[in-house]
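Taking it in order: structure first as structure tokens, then the write-up.
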Amino acid sequence: MPDKPDVQPLIDHLCHSSNLSAAQAQRVIDEVIAYFSETPQNFVRRRHREIKQETGLANAQIFARIEAEMAQLVFAAPALTQRQIRRIIYG
């Protein structure tokens, strides 16, 4: 993941708009960033393990469930080089 973003303004906002302490707001933000930073590969491995432990379903059923879940999620974009960005714009 790139450098950690400056989240102090968001911490301040959460503290003022809710009854969260600064430490609680920081934990919430860290959890959200971690949630949206998970790669598709890590998600698939984690969910396969979780579903297998929770349900004991066969792999074919687990794969279908993971496929459906992934269609509803947002994953972090891969890092692009300037050349890749230029090729997206100009072909």
What's the number of the only condition in (1) surrounded by 11 or more Cβ atoms within 10 Å (Cβ to Cβ); (2) free of Cβ contacts under 8 Å to residues at least 12 places away in the same chain; (3) hydroxyl-bearing (S, T, Y) that S17 fails to meet?
(1)
Can you pull out every residue in segment 25-39 that is part of a helix (DSSP H, G or I), open to solvent by 50 Å² or more (accessible area, probe 1.4 Å) and either touching a His at 6+ places or on another chain (Cβ under 9 Å) or closer than 19 Å to A68 by Cα (or both)?
Y35, F36
I need the full set of residues from segment 60-91 which are in a loop (DSSP other than H, G, I, E, B) and open to solvent by less than 60 Å² (accessible area, probe 1.4 Å), in order please.
L73, F75, A76
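The values are calculated or read from the model by the stated rules, or taken from the named source; none is laboratory data. Remember, it's a predicted structure, so these values are computed and weren't measured experimentally. Every residue, glycine as well, gets a Cβ built from its backbone with ideal geometry; the counts of neighbours run over all protein chains shown. Calculation scope for accessible area: heavy atoms of the full protein, side chains included, ligands and nucleic acids excluded. Shrake-Rupley method; radii C 1.70, N 1.55, O 1.52, S 1.80 Å.
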